[in-house]
Every structure is written in C-alpha cells, then in structure tokens.
1. Treat the count of other C-beta atoms within 10 Å as a stand-in for reagent exposure and order B:PHE76, A:PHE63 from fewest to most.
2. Using the Cβ atoms and a cut-off under 14 Å, what net charge is assigned to the surroundings of A:VAL75, where Lys and Arg are +1 and Asp and Glu are -1?
3. Within a 10 angstrom radius of the beta carbon, how do A:CYS110, A:CYS53 rank from fewest other beta carbons to most?
4. What is the Cα radius of gyration of region A:38-230 over 2.2 N^0.38 Å, N being its residue count?
5. Expressed in nm to one decimal, what extension gain is obtained for the pair B:LYS60 and B:LEU24 from 0.36 nm per residue of sequence separation less their Cα-Cα distance?
6. Which net charge results for the neighbourhood of B:PHE55, defined as the other residues with beta-carbon distances under 15 angstrom from its beta-carbon, given Lys and Arg at +1 and Asp and Glu at -1?
7. For the protein assembly as shown, how many pairs of lysine residues have a Cα-Cα distance under 21 Å, where the two are 8 or more positions apart or belong to different chains?
8. With a ≥ b ≥ c the root eigenvalues of the C-alpha gyration tensor of chain B, is it rounded (a/c under 1.5), prolate (a/b larger than b/c) or oblate?
Amino acid sequence: MRNSSVAAANHEAHENPALLHHFATEEQQKDAASLGMWVFLATEIMFFGGMFCAYLVYRYWYFGDFGAGSQSLSVGLGGTNTAVLICSSLTVALAVRAAQLDQRKTLVICLVLTMLLGLMFLGIKGVEYHDKFVEHHVPGPSFHFPGHIPSHPDVPINQQHAQIFFSLYFVMTGLHALHMIIGVGLFAVITFYAMRNRYGSHYYTPVEVAGLYWHFVDIVWIYLFPLLYLIDRHK
Amino acid sequence: MSEHISSLKLYIGIWLALLAGTLLTVIAAGIDLGPFNAVVALTIATIKATLVVLFFMHVKYAHEKMTKVVLISAIFWLAILLALSMADYATRLWT
C-alpha cells in the first residue's frame, strides 16, 4: 500500500481514481489501451493469415474441387450472415458514439442489439453446419460428396481434395465463430457495467476496445464470405 | 483513442455502403468474368474492410500515430506471408 500512496502523491491533481499511476493523463491511458488492442489485432491478422494462406495454396492446387465445394454452400445464408454482421458493426459503432455522448440508455440498447445480432449470426451458422452434417459434407469416414468439377462434366470430384476444402471451411468459419462467441461474452460483461452507469464521456475504453475487436471479426468474415461462398459461383 | 465523435449520418452512410458492397459482390459472383471474378470479389472485400477500419474503427481520426504504424506493419507482414508462400507454391512445378 505504501507504493500506491507514494505514486498517488506524485500526481499533482489526482482527481480521477481511474487514472493509473504510470500514465500522465487520462488521454494517454486511453490511447495505450486501444494501442494494446491494435497490437493484439495484429497478432490476430497473422493467426487468420496463416489459414488464409493455407486456403490460397490448396485452392491453387485443387482449383476444381474447391469450386465444387464452394458451390455446395448456401449463398443465401452466407449473404444474410454478412448483412447481420455488418448491422452488428453499426450497432457497436453507435454504442461507442452513445458512450461518448453520455447517452446511457442508447448505449445499453446498442450493446444488447449487438449481442442479439451476434447470436443470430451464430444461429444461422449453426443451421449451415447442420445442413453440412446431414449432407455428409463433414470430413471423415462418412464423407460423401458426389458430382463433377464445375465446367468439366467428365472429371469427377476428388474426395480427398474436397475434404481439404471442407476442413478449411470448418476450421476457418469455426474459429471465426469462436471469436464471435468471445465477442458476445465481452459485450455481456460490458452491458452489465453499462447498466450500472459505469461508462460515459469520461470513461468508455472497454466499449471502444471491445468494439475494435468486434469490427476486426467482422472484417475477417468480409473476406471469408467471398473466398468460401462466392468463388466459381458463375460456373 | 480519439475524442472525435462521428456524426450519425456518417455511420449510417458507411453501413449502407457496406450493405451495398455485399449485394454487389453477390451479383458480381454470378457473372462469368473469367479470372477477374476473384479480383472483383477481393477488391470489393478490401474496399469494405477499408471503410470499417477508417470509420468504424476510427483510424481516420486517430491522433495516436502508433495505431497506424501497427496497422500498416500488420498488413505488411500478412503481405510477406501470402506473397512469399504463393511465390514458392506457384513455381514448384517449373522445370
């Protein structure tokens, strides 16, 4: 306790107990928090980047089988989910704005809407996964994906190569969904505190930082949707 | 990160642009452009991602310069990962 009282004494005007002693100003503290999230997002870019790289390599090698696998996915459900995520990004952006403007009620409404949209995305994703299980498109002993390669009626689909497509599909969308689940959890905690009036124009760092994370997860989906659902759709 | 408070109009505008981009990319996927289908899809995705980063994630108004340094570094590392890996795999069958 001695250390903290010494540190407190070092601050000339120590009016805000939320200001940690190793920061000079609240603004610096806030900048450090969001910069920390940006550094974390940089590691996330590398994390998802590895999977995108694997996808590109195998798509290059097994072009036709990937096209056939892509055509078996539902553009309607995938497109709806894209729209749902974009709407949730808007509600997050509006939540941050509401906190900045001290609109406590709007903040809580936006946070709840974000969680509902996030859960809606996960629900639709669950329906898609269910369809894939029913169709035996899940890699493993029961994998069954008959047909031919798009634009080549004489070339049957290679079952091994198609399983690589579906493995990447499940891993990439699955890890994306895991990020969504974590995001919904973060917003549940933030909503809890927002209802207790913790956030306002004086302090909204958790809302902003969780928002950055949510927008990043949205961006990952913005790339997953065309790469997994839309390639070779025209054939 | 920023004291800047964006207007409601801007947020709604970005949201509509993102929805329009999604619709556009679905429509473009249905048209046979040959090898340019992938180019068009990824260009639209990159424009959408840029809008999200600049306006929803407030990078356009960030006064902390390190934010941009981190972001540009991350994109640069990703470019190294993808470009060098693809340069390898794309030339393996060359004799």
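1. Listed from fewest to most nearby Cβ atoms, that is B:PHE76, A:PHE63.
2. -1
3. A:CYS53, A:CYS110
4. 1.19
5. 10.5 nm is the gain from fully extending B:LYS60 to B:LEU24.
6. Around B:PHE55, the surrounding residues sum to +3.
7. Qualifying lysine pairs in the protein assembly as shown: 9.
8. Oblate, since a/c reaches 1.5 and b/c is not below a/b.
Each value in this text was obtained by applying a stated rule to the coordinates, not by laboratory testing. Everything numeric in this text was worked out from a predicted model, so none of it was measured. Glycine also receives a Cβ, built like all others from the backbone with ideal geometry; neighbour counts cover every protein chain displayed.
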